[in-house]
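Participant: Sharing a structure below in structure tokens format, with a few things to ask.
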Amino acid sequence: MTMPLLVTKRMTDHPADSHTIDRYEATGGYEQARRALTLTRDDLVEEVKASGLLGRGGAAFSAGLKWSFLAPARPSYLVINGDESEPGTFKDRQLLERDPHQMVEGIIITAIANEVHHAFVYIRGEYPKPARRVQQAVDEAYEKGYLGQGIFGSDYDLELTVHLGGGAYICGEETALINSLEGLRGEPRLKPPYFPAAKGLYMMPTIVNNVETVSNLPHILSMGATGYTGLTDSADTGTFMMSLSGHVNRPGNYELPHGITWRDLIFDIGGGIRDDKELKAWIPGGASAPWFVPEKHLDLEITKEATAAAGSMLGSGAVIVMDEDTCMVRAAERVVRFFSHESCGQCTPCREGTTWLEMILRRIEEGQGRAVDLDLAIDVSDGISIDLAWPPKMTTICPLGPSAVSPIIALRDHFRDEVDRHVAEGGCWFPGAMKSGGATPQTPRSPLVTISSTAGRSSQERLSEGDRE
Amino acid sequence: MSHWSEATQERARQIISRYPEKRSAVMPLLYLAMAEEGHLTNEGMEEVAVWCGITPAQVQSVASFYTMYKRERTGRYLVSCCTSISCMLLGGDDVLHAVEDESGVPHGETDDEGLLSVEHVECIGACGGAPAVQVNYELIEGVTPEKARELVNWLKKAKPEVVNTDEMQQLFGGGRSFDWAITEEGGAVGPYPAFQPLGTVKTEADS
Amino acid sequence: MTDQPNLVAVIINGTEHQVPAGEMLIKAAQDNGTYIPRFCWHERMNPVGMCRMCLVEIETPRGPTMITACTNPVADGMVVHTENPAVKKAQEAILEFLLANHPLDCPVCDKGGECPLQDQALAYGPGESRFVEIKRNYEKPIPISDLVLLDRERCILCARCTRFSDEISGDPLIEFKDRGNQTEVNTFPDLPFSSYFSGNTVQICPVGALTATPYRFRARPWDLQKVESSSMFDTAHPRIEIHSSQNEILRYVGVDNDATNHGWLSDKDRFGFEYLRSENRLRAPMVRRDGRLVEVDWPEALDIVATRLQLIKEEDGGQAIAIIGGANGTNEDAFALSRFAREVIGTPHVDATVGDSLSTHFLAATVDRALISDIDEADTILVWGPDLKEEHPTLYLRVRRAAQELGKTLIVVHPAVTGLDDRASHKLSYRPGGGHDLLKDISSGVHDDVLEALSAAKVVAIVGIASVADGAQLAESVAAVARQNAGSAKILPLHRRANTNGALDMGLAPNLNPGRQAAPNPGMGTRAIMDALDSGEVRALLLVGADPLADMPDPRPARAGLEAAEYVISLDLFINESNADVDVILPAAGFAEKEGTVTNIEGRVQKLNRVRPAPGSARPDWAILDDLASQMGYSLGLASAETIAKEISESIPLYAGVTHDHLEWEARDGAVVPIDGGTDFEYLPVAIDGPKTPGAQLVLHQARTLYDDGVRLRNSPSLHPLAPGPVVHVNPSDAPGLGVKSDSTLVVTTAHGEGRFKAVVDDKVPAGVVYVPLGQAGGAHLGTDPVVRVKVDN
Ligand SMILES: Cc1cc2nc3c(=O)[nH]c(=O)nc-3n(C[C@H](O)[C@H](O)[C@H](O)COP(=O)(O)O)c2cc1C
Ligand code: SF4
Ligand code: FES
């Protein structure tokens, strides 16, 4: 498991200034971008295909293959997805903050490979510090002539705009991201088309890639596809970042080779469970992923296939660990609450179903649960994600809705008795049982952003005045 | 016929010039509108509508989709406590209740002086340093209920012109998601993100 | 739609169907007898796939998959299941979700009984709901405009209303707000949904979330009688269904007529029925006795009129009697009037256009007349005339769609900003009165991009009077330029009164015989008639649903003529400006009070039907004229609208075969005349040249608005308040110089006259131009000369 760090190497070796252009160039930065200018689109696409680089945004789709789908129409656009909002995930934050030039170079390479002359980095609004670092890096790159007109003295132009989100997880979904960038509501678009590479930003061919994905590109170019695939003998090539959180002794981001097991990750790398408690369950790939339990999954390899075969996914690489003192109903409620809060509201099943599930779980946790409630929750989930199958059979436009049922699957498969006991004992016996404090879904979640009915009222006043005239 | 300051109008022009189509500038312009008036007013949305060539109803439709465009009077310090799964597992709810209790401001509300607004939020990407709190989106990781109370009192007493993530992390933070390595000047002056193109990054010196 | 699309095979529930490639599954299924339940999908709007009610299962290599039928086009060999257990389960789930937060107030909901949600809940629903939590609640109905109320609790967020106002009518004033479970539809504070088309959202709302103030709580769907007809406000005659109960009209509903309105109606066409039941309707014949109008019975009234007309005729011949009007009734009425004029009176002085229209020759010319559907086929559409949004709402929607959805090149020429400008590829404006100069510039290539667009293979030129000062000839010159440059140009001349084309076809113009044939010895038009009345050359005048004082751009001759006239008779629904002190008033039956046919702006004949009795003893024009004729000793032999229509179809080649039967059974979308009516009426060559651009520093733009003080609207309580009233629009850059602020009162003076108007500072009018909407209550007549002076009144 000894393996060179790639995307986190510079920040590890030079913590104090890994984000500056001087350090970046002093450690070989921007050489690959220069080289890319001498290569053809085909060379680059083939190289990246051959490297087996998988998207790190959650869908784990081959980056090179996606590039090869780019439709011929021009202009084409590139959008870097830095909306990182999936509970448990904080890897992109570190890459943005600690090594922004690495991403900028990756962007230049991707742009050249896809004949893009205007790229965007979409960073979630709650990440002002990472956004500041990226803007600083972009400004430096412009000054040096690495961005703008005729980059690196070539005749290739590339504009790069840093765009700040407004607080909406769904804007991480690539078509919602594009709508958001167009100044529309961040609602996912209808599929087909399945890839923005066909029709994306302003209805033009668009590549959407994750921050970590493009941060790998300078390394892939420098070591070559073979060098990169050679790093590990697992099916998935290269390294990947995992965000470890919850009840482990050493939470944090870890850049790892594919092919280690969950036991290695949680007990070795993560230093085991706090206060030597027992491991009860973990979420293997961000809040969307169905949960794993030690009895079944501890020795599975951490690869795309192995995880999928076990009915879950690596998703955004976020691992959330829960110890024996964790109330599974409360944990489920919290994950479901997230999705109901973040639902864009387009699809009936997601909009109504996620809220309904949240309310059912809260009732159970707070002691008003009924014997029928778990089965009701399973039925409701069924309406969002048919048969609770994996991968989900969605009744919705995008996978957010179906993601909300993962905790229900966990309760059904592993923790039914815990739910029943909540019902039987009229509530929760775990420490710090939930008070009915959390925002209730049927009332505006943050009154700060919701002035519902004011519009109506004032136009009502206006009209009644009108009537009097 | 704009009622924005000349400086803000100049920023608006610059921001719009960064996008192929002006409607794309609606989100940054909404932040400008907030920076101009402390929160997003109807006048602010009407102004943005003119800049982007759409109707106020369309601007409202976009603004109301997101959580960070505050359309109600908001305090000078917006305290956001994460209660999503990872923070909740490590006591995020207790931190929230400590903040609510110490400030006397419940979730989603603002005190009478217009100093503090409190809200609980979904995951803010600090799960490795849970529980996490943000003040005007400047992050503090590894916050305990006790530290949270100190934070509230500090904001009330010191009334810092600029809130800076590194300073607050040192005063009230604990374990972090990763090594922040260095400290930096500069931070936020209101309940909107501190970001260069918005002209909202300030240092104590500036103010 | 004419050329046969290539077909693909889909298997729906085991049966194979041949369907047009690329068509949405939901439509293909529907056209082949399989109804897939839906809420958000609407045939005339882009799909959003939001409600998820139309989920069906298709077979794929990777096994069965659920897709929404409204967002997925058919593919060859597609195997679809719309009723299998999986689909049924999904449908039940969606309905349970929709009903979870939907109030159970059907008994007090206007939609109750015609509610897709209610119906589909019964047909596909799970029975009762397992949702035990508290439902979402909002403040009960809030008015979002003067005509529409919004009940957000009932809304199922199908985005039909928001899409309509955004994609179809082009005023996105009602939008989604907030997100997820909080999502609602709403307007911006203090910015109501003041769209001319707001009523359509009420019609397409699949629940009772949007309701119309004029209809609210008035009836339950199940005791409504429903009869098809066409609206007689809009020159396109949009197809409507009249819903009535106990002989009272309660509402109009748009009918999707492919040729005209696609189901949409302007609010004027939708809510403009209240005047019919107005207190002010004329109920009995009235004759003037020592200065006052007194009611008499029909025999007496007819006897008095007949005797007097007979006398004048014997003394000075039929020439001494003139007739104005006839363009607001049916073709049958117009035909009766035409025969009455020729056979009974024997006068050539007949004019239905009341002197405020394009030349009757131009209107009657039939070569290259454009159909409304030609707009969809054109490469370039030229609109040089009134703001279509204000005067021809159905055409406005069609042109807008052509530009926006079909990507047609659109040229708009108008003195001010129009409703189409945001979709126009080219927009030119000019100072009222200066149209000819601009036209010369265009044809000499000054605006080469416009000339190039005009030189496309297929051009449709929609021409009319954009501004009073333009006069009637400009439109003809524009048409001529279009014909010179385009590969093939089709012309759609815009007229005002709803049945002008029908009236002209029946020969109600001084230069026309029935069937658009040239009259050998033409008579006088309205203006000349008025002068002749003044001079005494003409002694008597018959006004048929006409109000020249209100309509003529320069009413002075009309006033002189009416005052000087020896004898004036008016057939009408109401007392108006012109017939207030005539000698005899004969009460006429109005819209929906009589059967008949009408001919729209493209020459499409459609049938109107009767749903309510006329008030008092009011009768159809044709019946009145038939009796009057026999009183005078002639027999027109008019028995019924149906037999008159038959007579028309036999005596006028254009109308050959266009009988009531034909329209009711074969031509449901109407029959277009002239198909090949064998009339030789051609456009006259006209000079491009005309009056010069006025040099004055301020010029006056006068044009009509959708809502005004016309007698029908004046008697429609819901709509009349929406008229702008006596206002004058001033450009912001002119305002300071004139010392004008919004709401200050201005004195506007022209060579013709002077009036007081409320100022509106408005950047939609160009600098150096002031705009005064015509026909507003309390608005003074300002005549046709564009030179104007404006000063603040103090
Ligand atoms: C609900 C939802 C949320 C998502 N959030 C993110 C995100 O925060 N960051 C991200 O990179 N990708 C996210 N994705 C995946 C993107 O849609 C897209 O697949 C990805 O950005 C493509 O980049 P990649 O191929 O480099 O991974 C999300 C997808 C869904 C359905
Ligand atoms: S599934 Fe949910 S988040 Fe995704 S589009 Fe539908 S409503 Fe929006
Ligand atoms: S009708 Fe297809 S999703 Fe609504």
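Participant: Is it the case that some residue within region A:195-215 is more than 16 Å from ligand 2 (Cβ to nearest atom), in contact with a strand residue (DSSP E or B) (Cβ under 8 Å, 6 or more places away or on another chain) and at positive phi?
Facilitator: yes
Participant: Picking from A:95, A:160, which residue would you name as being more than 30 Å from residue A:346 (Cα to Cα), within 24 Å of the chain's Cα centre (by Cα) and within 15 Å of ligand 1 (Cβ to nearest atom)? So that I can check it myself, show each step before the final result.
Facilitator: Working: A:160 fails: within 15 Å of ligand 1 (Cβ to nearest atom).
Residue meeting the stated conditions: A:95.
Participant: Right, here's the next one. Are any residues in region A:70-82 at the interface with chain B (Cβ under 10 Å from one of its Cβ atoms) and not in a strand (DSSP E or B), and if so, which ones?
Facilitator: Within region A:70-82, A:75 is the sole residue that qualifies.
Participant: Which of the residues that make up region C:139-180 are within 10 Å of chain A (Cβ to nearest Cβ) and closer than 15 Å to residue C:48 by Cα?
Facilitator: Residues satisfying the conditions are C:156, C:157, C:158, C:159, C:175, C:176.
Participant: Under 8 Å between Cβ atoms, which residue pairs at least 6 apart in sequence (or on different chains) link something in region C:771-793 that is closer than 14 Å to residue C:710 by Cβ and open to solvent by less than 20 Å² (accessible area, probe 1.4 Å) with a partner that is polar (S, T, N, Q) and in a strand (DSSP E or B)?
Facilitator: What qualifies is C:773/C:702.
Participant: Report those helices (runs of 4 or more DSSP H) wholly inside region C:508-589 carrying at least 2 residues which are β-branched (Val, Ile, Thr).
Facilitator: C:526-535
Participant: With within 14 Å of chain B (Cβ to nearest Cβ) and either away from ligand 2 (no atom under 16 Å from the Cβ) or in contact with a strand residue (DSSP E or B) (Cβ under 9 Å, 6 or more places away or on another chain) (or both) as the only criterion, which of A:220, A:170, A:178 stands out?
Facilitator: Details: A:220 fails: within 14 Å of chain B (Cβ to nearest Cβ); A:170 fails: either away from ligand 2 (no atom under 16 Å from the Cβ) or in contact with a strand residue (DSSP E or B) (Cβ under 9 Å, 6 or more places away or on another chain) (or both).
On inspection, the qualifying residue turns out to be A:178.
Participant: To continue, here is another question. Determine whether residue A:331 is within 10 Å of another protein chain (Cβ to nearest Cβ), in a helix (DSSP H, G or I), open to solvent by less than 10 Å² (accessible area, probe 1.4 Å) and within 24 Å of residue A:91 (Cα to Cα). Spell out how you get there, then give the answer.
Facilitator: Numbers: within 10 Å of another protein chain (Cβ to nearest Cβ): yes; in a helix (DSSP H, G or I): yes; open to solvent by less than 10 Å² (accessible area, probe 1.4 Å): yes; within 24 Å of residue A:91 (Cα to Cα): yes.
Yes, satisfied.
Participant: Say whether the condition of being in a strand (DSSP E or B), away from chain A (no Cβ under 12 Å) and open to solvent by less than 20 Å² (accessible area, probe 1.4 Å) is met by at least one residue in region B:159-167. Working first, answer last.
Facilitator: Taking region B:159-167 as the starting set, the residues that turn out to be in a strand (DSSP E or B) are B:163.
Now drop any that are not away from chain A (no Cβ under 12 Å), which leaves none.
No, the conditions are met nowhere in region B:159-167.
Participant: Scanning region A:385-399 for residues that are more than 8 Å from every other protein chain (Cβ to nearest Cβ) and either open to solvent by less than 20 Å² (accessible area, probe 1.4 Å) or part of a loop (DSSP other than H, G, I, E, B) (or both), which turns out nearest to ligand 2 (Cβ to nearest atom)?
Facilitator: The initial filter retains those residues of region A:385-399 that are more than 8 Å from every other protein chain (Cβ to nearest Cβ), namely A:385, A:387-392, A:398-399.
Remaining after also requiring either open to solvent by less than 20 Å² (accessible area, probe 1.4 Å) or part of a loop (DSSP other than H, G, I, E, B) (or both): A:385, A:388-392, A:398-399.
Details: A:385: 10, A:388: 16, A:389: 16, A:390: 17, A:391: 15, A:392: 11, A:398: 3, A:399: 7 Å.
Here the residue is A:398.
Participant: Being within 11 Å of ligand 1 (Cβ to nearest atom) and among the basic types (Lys, Arg) is the filter; apply it to region A:45-86 and report the residue that is farthest from residue A:105 (Cα to Cα).
Facilitator: For region A:45-86, the residue satisfying everything is A:66.
Participant: Here is a follow-up. Among (1) within 13 Å of ligand 3 (Cβ to nearest atom); (2) more than 26 Å from residue A:354 (Cβ to Cβ); (3) within 12 Å of chain A (Cβ to nearest Cβ), there is one condition residue C:82 misses while meeting the rest; what is its number?
Facilitator: (3)
Participant: Just give me the residues in region C:126-158 being of a type in the set (A, V, I, L, M, F, W, C) and either in contact with a Pro (Cβ under 8 Å, 6 or more places away or on another chain) or surrounded by fewer than 22 Cβ atoms within 10 Å (Cβ to Cβ) (or both), in sequence order. Let's see the steps before the verdict.
Facilitator: Taking region C:126-158 and keeping what is of a type in the set (A, V, I, L, M, F, W, C), we get C:131-132, C:134, C:142, C:144, C:147-150, C:155-158.
Passing the criteria: C:131, C:132, C:134, C:142, C:144, C:147, C:149, C:150, C:156, C:158.
Participant: Given the conditions (1) open to solvent by 30 Å² or more (accessible area, probe 1.4 Å); (2) free of Cβ contacts under 8 Å to residues at least 24 places away in the same chain; (3) under 38 Å from the mean Cα position of the chain (by Cα), and given that residue C:60 satisfies all but one, which numbered condition is not satisfied?
Facilitator: It is condition (3) that residue C:60 fails.
Participant: Within region B:101-110, which residues are within 12 Å of chain A (Cβ to nearest Cβ) and either hydrophobic (A, V, I, L, M, F, W, C) or surrounded by 21 or more Cβ atoms within 10 Å (Cβ to Cβ) (or both)? Steps first, answer last, please.
Facilitator: First pass over region B:101-110, keeping only residues within 12 Å of chain A (Cβ to nearest Cβ): B:101, B:105-110.
Within region B:101-110, B:105, B:107, B:110 meet the criteria.
Participant: A further question follows. What are the residue pairs meeting all of these: first residue in region A:162-174, first residue under 12 Å from residue B:122 (Cβ atoms), second residue away from ligand 1 (no atom under 14 Å from the Cβ), Cβ atoms under 6 Å, and 6 or more apart or on different chains?
Facilitator: Within 6 Å, the pairs are A:167/B:66; A:167/B:67; A:167/B:68; A:168/B:66.
Participant: Restricting to region C:689-717, what's the tally of residues that are open to solvent by 30 Å² or more (accessible area, probe 1.4 Å) and polar (S, T, N, Q)?
Facilitator: Result for region C:689-717: 2.
Participant: Here is a further query. Among the candidates B:122, B:113, single out the residue that is more than 27 Å from residue A:325 (Cβ to Cβ) and open to solvent by 10 Å² or more (accessible area, probe 1.4 Å).
Facilitator: Details: B:122 fails: more than 27 Å from residue A:325 (Cβ to Cβ).
Of the residues listed, the single one that is more than 27 Å from residue A:325 (Cβ to Cβ) and open to solvent by 10 Å² or more (accessible area, probe 1.4 Å) is B:113.
Participant: So, in region C:67-80, exactly how many residues are more than 43 Å from the chain's Cα centre (by Cα) and surrounded by 18 or more Cβ atoms within 10 Å (Cβ to Cβ)?
Facilitator: Step one: of region C:67-80, the residues more than 43 Å from the chain's Cα centre (by Cα) are C:77, C:79.
Narrowing further to those that are surrounded by 18 or more Cβ atoms within 10 Å (Cβ to Cβ): none.
Residues that pass the stated criteria total 0.
Participant: Taking the conditions exactly as written (away from chain A (no Cβ under 11 Å), open to solvent by less than 20 Å² (accessible area, probe 1.4 Å) and touching a Cys at 6+ places or on another chain (Cβ under 8 Å)), does residue B:59 satisfy them or not? Walk me through how you get there before you give the answer.
Facilitator: Numbers: away from chain A (no Cβ under 11 Å): no; open to solvent by less than 20 Å² (accessible area, probe 1.4 Å): yes; touching a Cys at 6+ places or on another chain (Cβ under 8 Å): yes.
Judged against the criteria, residue B:59 is not a match.
Participant: Can you spot a residue in region B:81-91 that is closer than 30 Å to residue C:195 by Cα and either within 8 Å of chain A (Cβ to nearest Cβ) or in a helix (DSSP H, G or I) (or both)?
Facilitator: Keep residues of region B:81-91 that are closer than 30 Å to residue C:195 by Cα, which gives none.
No, the conditions are met nowhere in region B:81-91.
Participant: Being facing another protein chain (nearest Cβ under 10 Å), among the hydroxyl-bearing types (Ser, Thr, Tyr) and part of a loop (DSSP other than H, G, I, E, B) narrows it down to one of A:355, A:326, so name that one. Show your work before the answer.
Facilitator: Values: A:355 fails: part of a loop (DSSP other than H, G, I, E, B).
It is A:326.
Participant: Considering each residue of region A:50-71, count those that are in contact (Cβ under 8 Å) with a residue 40 or more places away in the chain, of a type outside the set (Gly, Ala, Ser) and over 15 Å from residue A:7 (Cα atoms), and give that number. Break it down into steps so the answer makes sense when it comes.
Facilitator: Filtering region A:50-71 down to residues in contact (Cβ under 8 Å) with a residue 40 or more places away in the chain leaves A:50-58, A:60, A:63, A:66-67, A:69-71.
With the extra rule that they be of a type outside the set (Gly, Ala, Ser), the set shrinks to A:53-54, A:56, A:66-67, A:69-70.
Right, trim to over 15 Å from residue A:7 (Cα atoms) and you get A:66-67, A:69-70.
Number of matching residues: 4.
Participant: Here are A:349, A:402: which of them is at the interface with chain C (Cβ under 9 Å from one of its Cβ atoms), within 16 Å of ligand 2 (Cβ to nearest atom) and either assigned to a helix (DSSP H, G or I) or of a type in the set (A, V, I, L, M) (or both)? Lay out the reasoning, then the answer.
Facilitator: On the way: A:402 fails: at the interface with chain C (Cβ under 9 Å from one of its Cβ atoms).
Every option except A:349 fails the conditions.
Participant: Applying the selection to region C:131-182, what residues are in contact (Cβ under 8 Å) with a residue 24 or more places away in the chain, within 16 Å of ligand 2 (Cβ to nearest atom) and in contact with a Lys or Arg (Cβ under 7 Å, 6 or more places away or on another chain)?
Facilitator: Matches in region C:131-182: C:181 only.
Participant: Among the helices (runs of 4 or more DSSP H) contained in region C:370-454, which hold 1 or more residues that are within 27 Å of residue C:709 (Cα to Cα) and open to solvent by 10 Å² or more (accessible area, probe 1.4 Å)? Working first, answer last.
Facilitator: Values: elements: C:374-377, C:388-391, C:393-404, C:435-443, C:448-454.
Result: C:388-391, C:393-404.
The values are calculated or read from the model by the stated rules, or taken from the named source; none is laboratory data. Just so you know, these numbers come straight off a predicted model, no measurement behind them. All Cβ positions, glycine included, derive from the backbone under ideal geometry; neighbour counts span all protein chains shown. SASA here: full protein model, heavy atoms, side chains in, ligands and nucleic acids out. Shrake-Rupley method; radii C 1.70, N 1.55, O 1.52, S 1.80 Å.
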